[in-house]
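A quick write-up on the structure given underneath.
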Amino acid sequence: MKLICESACPDDYLAETEEVDFSHPAVAQCAEQRAAGAKSGQDYAQAAFEFVRDRISHSWDIRSHRVTRTASEVLRFEEGICYAKANLLCALLRRQGIPAGFCYQRLTLGDTPDTGYVIHALNAVYLAESGRWIRLDARGNKEGVDAQFSLGEEKLAFSVRKQYGEKDYGIIHSRPAPATMAALRRHTDCINMCLHGLPTEL
């Protein structure tokens, strides 16, 4: 799909924020470790993506009650929901000077529309070698979910089913959507948040 940058200022996609706290020593060290074996920016982006996808658990998958929000919290506890994991991936990319942002989908909470809807977060990264943005979903793979680093056809965690009212948002946000961060701030129990407290619209 066509991706459109929310901001015309490239530096906005490299900025440090409260949630994307890439100056935190643990985040900086993690970035350095991923960069050690990378031969290019693209190699690093893939290594960072696979680290967040595979090494950071999705809190719902492990039925954790902990709520994490900032990149450093996600790294410290090695878990987070998609909003939090997107913060960490963005931090790791920006730490190495690679422009990164946030993209969103509106999906059904369960398998059908009667279960309600939820906003799902993923990332976009600008790859200088190919001169374009691609979307990456570090949510975490499991049965039925197989997100991959792909320069061709997108391989995201979820395909949008328009017949169910699901939606792909083509905007690349420079900061996390306020509604997603508000949900993480407002709740202290992740299970309850995932069931009843996630935003249904941006």
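The values are calculated or read from the model by the stated rules, or taken from the named source; none is laboratory data. Given the structure is predicted, the values throughout are model-derived calculations rather than measurements. A quick note on method: Cβ atoms are made from the backbone with ideal geometry, for glycine too, and the neighbour counts reach across all protein chains shown. Ligands, DNA and RNA are stripped out before the accessible areas are found, and what is left, the full protein with its side chains, is counted by its heavy atoms. Shrake-Rupley method; radii C 1.70, N 1.55, O 1.52, S 1.80 Å.
Per-residue HN-Hα couplings for the range 120-137, Karplus 6.51 cos²θ - 1.76 cosθ + 1.60 at θ = phi - 60°, whole Hz, x for Gly and Pro?
Values, residue by residue: 10, 9, 9, 10, 10, 10, 8, 9, 4, 4, 9, x, 7, 8, 10, 9, 10, 10 Hz.
Restricting to the chain, what percent of DSSP beta bridges are antiparallel, rounded to 5?
85 percent
How much accessible area per residue does the range 154-202 have, counting only protein heavy atoms and a probe of 1.4 Å, in square angstrom?
Counting only protein heavy atoms, the per-residue value for the range 154-202 is 56 Å².
Tabulate in residue order the Karplus-calculated ³J(HN,Hα) for the range 57-71, using 6.51 cos²θ - 1.76 cosθ + 1.60 with θ = phi - 60°, rounded to whole Hz; enter x for Gly and Pro.
6, 7, 4, 5, 4, 9, 6, 8, 8, 6, 10, 10, 9, 6, 4
Probe radius 1.4 Å, ligands and nucleic acids ignored: give me the carbon and sulfur share of the accessible area of the chain as a rounded percent.
Answer for the chain is 47 percent, counting heavy atoms of protein chains only.
What does the charge dipole of the range 71-202 about its Cα centre add up to, to the nearest 20 debye, if the Cβ of each Lys and Arg holds +1 and the Cβ of each Asp and Glu holds -1?
460 debye
Long-range amide H contacts for C5: which residues qualify at under 5 Å (H placed 1.01 Å from N, peptide plane, sequence gap of 5 or more or a different chain)?
Result for C5 returns I172.
Calculate for the chain the 222 nm mean residue ellipticity that helices alone would give, adding -39,500 (n - 2.57) per DSSP H run of length 4 or more and normalising by residue count, nearest 500 deg cm²/dmol.
-9500 deg cm²/dmol
Taking the chain as a Gaussian network, Cα atoms linked when under 10 Å apart, which of K167, K39, K85 shows the biggest mean-square fluctuation?
K39
What residues qualify as long-range amide H neighbours of D21, i.e. H under 5 Å apart, gap of 5 or more or another chain, H built at 1.01 Å from N?
A71, S72
Comparing N87, N192, N141, which has the greatest mean-square fluctuation in the GNM of the chain with Cα pairs linked when under 10 Å apart?
Per the Cα network of the chain with a 10 Å cutoff, N192 tops the list.
Please state, to two decimals, what the Cα-based radius of gyration of the chain comes to when divided by 2.2 N^0.38 Å (N = residues).
So the Cα radius of gyration is 0.95 times the expected 2.2 N^0.38 Å.
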